[in-house]
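Structure first, commentary second.
The values are calculated or read from the model by the stated rules, or taken from the named source; none is laboratory data. If you're wondering where the values come from, they're calculated on a predicted model, not measured in any experiment. For neighbour counting, all protein chains shown are included, and Cβ atoms are generated from backbone atoms with ideal geometry for every residue, glycine included. Just the protein is used for accessible areas: all its heavy atoms, side chains included, with ligands, DNA and RNA removed. Shrake-Rupley method; radii C 1.70, N 1.55, O 1.52, S 1.80 Å.
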Amino acid sequence: MNANAQQVAGGPEVVVVGGGISGLAAAHRLVTAGARVTLLEGGDRIGGKLLAGQIAGAPVDLGAESLLARRPEAVALAERVGLAGRIQAPATTTASVWSRGELVPMPKGHVMGVPADGRAVEGLLSAEAVERIGRDRELPQTEIGEDIAIGAYVAERMGHEVVDRLVEPLLGGVYAGDAYRISMKAAVPALFHAARAHATLGEAVRAVQRAGAATPSDAAGAGTGLGGSGLGGAPFAGLEGGVGTLPLAVADAIRAAGGTILTRTPVTELRRTGATGGWQVVTPDRTYPADAVVLATPAGPAAALLGAHAPAAATELAAVEYASMALVTLAFKRSDVLDGPALPGSGFLVPPVDGHTIKASTFSSAKWRWVTDGAPDLFVLRTSVGRHGEEAQVHREDADLVDVSLKDLAAATGLTARPVASTVTRWLGGLPQYPVGHLARVERIRAAVAGLPGLALAGAVYEGVGIPACVASAERAADEIIATSKTTHPGAGHAS
């Protein structure tokens, strides 16, 4: 028996519920620390919102397509599971905003759409809006309190146009939500804390820029890639073959270390087996005994499983709202695209205020070298549809979503070519919403489960929807289990 097998045999028995990137990252952390790990996923595949696929023979991501590299967790996980040589920077990071019928280059010098002064957004905003931004210097400091909606705060300081044409489309690519409801503390924490310390919003923006945090900390979820993320100028990375290959590599590493992964195995109940720890994880086919459980599911399933053990946490989780969205992936003959109008940069964002259906488009063949290398005769791009409260849009027929995407693309870029292939991927209830007070809700949830030994929580609902934030959440949960298991399983948690 090898050293790793000895460590696994002597470690705690841990069941991870949920096979998205959070559950996989937690399982990997646990199994490499010496735990005996079983991961249970109710669906027929692992990976959650990370999904690699093909269109007309071209490799594509059909879910999240980039990793925010400002935080190290996701890139480090990719390296640990053997993908270091496949990490790629985007071929281009320039992007546009489709505003008032024109593609306008994304302004520089802003923090998630909030400029330091009006000069940064000249050309995108009206002259009146640029002048309105200057009034920020004349206003008394705004009392922010414990949290505030970023849209409401920025509109008060700099006017609604900044929110409607820059902040809203940028945040829409992250949360598919409403900037006038989204928590500033959760979505752009660096700016939130700077705004509490400075008299004007412009001063706060400059302070964040000086600190080198000109994009939101991924603790708040800076970009799942579902909505064309990566367009905000932040340092993003992709993976050759797609970000959707990351969960597959993590799963391979888990199995190689002795862990077990089961799909089509929904968990229907959690049972405690002792006041000081111990669980039974119930599925339709069998019951799994466990020293500890990591619950890495969306809020609804987590609420159902916790109802009997932590009703206060279940109530809070059940109140979390989600947004659905659809990705429309289109493959064109490259010659049809190159002979037509220019498609600038990596894509464009769409302000909801203009009333268009799509909220973003990413030119995948321009942004990722691996897409072009895999299909040099094709040009692949994708659009995203759906925001919080727009369920009807997401549920339109595939053909309708393709047609409206082509219509909006033609209006934005002049592209009139017909695609040789199309595919629509829906992510129903895919993105948890972070309204004002969300982080306080998370604190209440964690406090409510603190009295349940051997139970840890992970996932996008807690401290960020971005991939690095999900990985960080998973590692936090795994480390909690490892730390508490050392007293009951001496030697656990010491794998090399």
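Quick notes on this structure:
- Only one entry of ALA477, ALA469, ALA460 meets the criterion of being in contact (Cβ under 8 Å) with a residue 12 or more places away in the chain and touching a Cys at 6+ places or on another chain (Cβ under 6 Å), and that entry is ALA460.
- Failed criterion for GLU128 (all others in (1) more than 27 Å from the chain's Cα centre (by Cα); (2) at pLDDT below 95; (3) surrounded by fewer than 14 Cβ atoms within 10 Å (Cβ to Cβ) hold): (2)
- Residue-level check: of (1) modelled with pLDDT under 95; (2) among the small types (Gly, Ala, Ser); (3) open to solvent by 30 Å² or more (accessible area, probe 1.4 Å), SER229 misses just (3).
- For ARG165: the one exception among (1) basic (Lys, Arg); (2) under 26 Å from ARG382 (Cβ atoms); (3) open to solvent by 50 Å² or more (accessible area, probe 1.4 Å): (3)
- For ALA251, the criteria (1) open to solvent by less than 30 Å² (accessible area, probe 1.4 Å); (2) modelled with pLDDT under 95; (3) part of a helix (DSSP H, G or I); (4) of a type outside the set (D, E, K, R) hold in every case but one, which is (2).
- Residue match in segment 290-297 (condition: closer than 26 Å to VAL394 by Cβ and surrounded by fewer than 21 Cβ atoms within 10 Å (Cβ to Cβ)): no
- Residues that are free of Cβ contacts under 8 Å to residues at least 24 places away in the same chain and outside any loop (DSSP other than H, G, I, E, B) within segment 106-127 comprise GLY118, ARG119, ALA120, GLU122, ALA127, listed in sequence order.
- Of the residues screened, LEU455 is not one that is under 20 Å from VAL471 (Cα atoms) and open to solvent by 30 Å² or more (accessible area, probe 1.4 Å).
- Selection status of ALA26, under 30 Å from THR92 (Cα atoms) and open to solvent by less than 10 Å² (accessible area, probe 1.4 Å): no
- Taking the listed residues GLY113, GLY118, GLY63, GLY134, the one that is open to solvent by less than 20 Å² (accessible area, probe 1.4 Å), within 20 Å of the chain's Cα centre (by Cα) and farther than 30 Å from ALA251 by Cα is GLY113, with no other qualifying.
- Condition met for GLY277 (of a type outside the set (A, V, I, L, M, F, W, C), outside any helix (DSSP H, G or I) and closer than 25 Å to TRP368 by Cβ): no
- Looking across segment 380-420, the residues that are more than 18 Å from PHE348 (Cβ to Cβ) and acidic (Asp, Glu) come down to GLU390, GLU391, GLU397, ASP398, ASP400, ASP403.
- Any hit, segment 70-82, residues being in contact (Cβ under 8 Å) with a residue 60 or more places away in the chain and on the phi > 0 side of the Ramachandran plot: yes
- Hey, GLY47 modelled with pLDDT under 95 and in contact with a helix residue (DSSP H, G or I) (Cβ under 9 Å, 6 or more places away or on another chain) or not: no
- Count of segment 254-274 residues which are in contact (Cβ under 8 Å) with a residue 24 or more places away in the chain, part of a strand (DSSP E or B) and more than 15 Å from LEU24 (Cα to Cα): 3
- In segment 29-42 there is at least one residue that is open to solvent by 10 Å² or more (accessible area, probe 1.4 Å), out of contact with any His (no Cβ under 6 Å at 6 or more places or on another chain), at pLDDT 95 or above and part of a helix (DSSP H, G or I).
- Output for segment 169-182, where each listed residue is touching a helix residue (DSSP H, G or I) at 6+ places or on another chain (Cβ under 6 Å) and buried (at least 24 other Cβ atoms within 10 Å of the Cβ): ALA179, ILE182
- Out of ALA9, ALA56, sole residue that is surrounded by fewer than 24 Cβ atoms within 10 Å (Cβ to Cβ), modelled with pLDDT under 95 and touching a strand residue (DSSP E or B) at 6+ places or on another chain (Cβ under 9 Å): ALA9
- Residue satisfying condition, being within 27 Å of VAL163 (Cβ to Cβ), in contact (Cβ under 8 Å) with a residue 40 or more places away in the chain and of a type outside the set (S, T, N, Q), within set ARG369, ARG334, ARG382: ARG382
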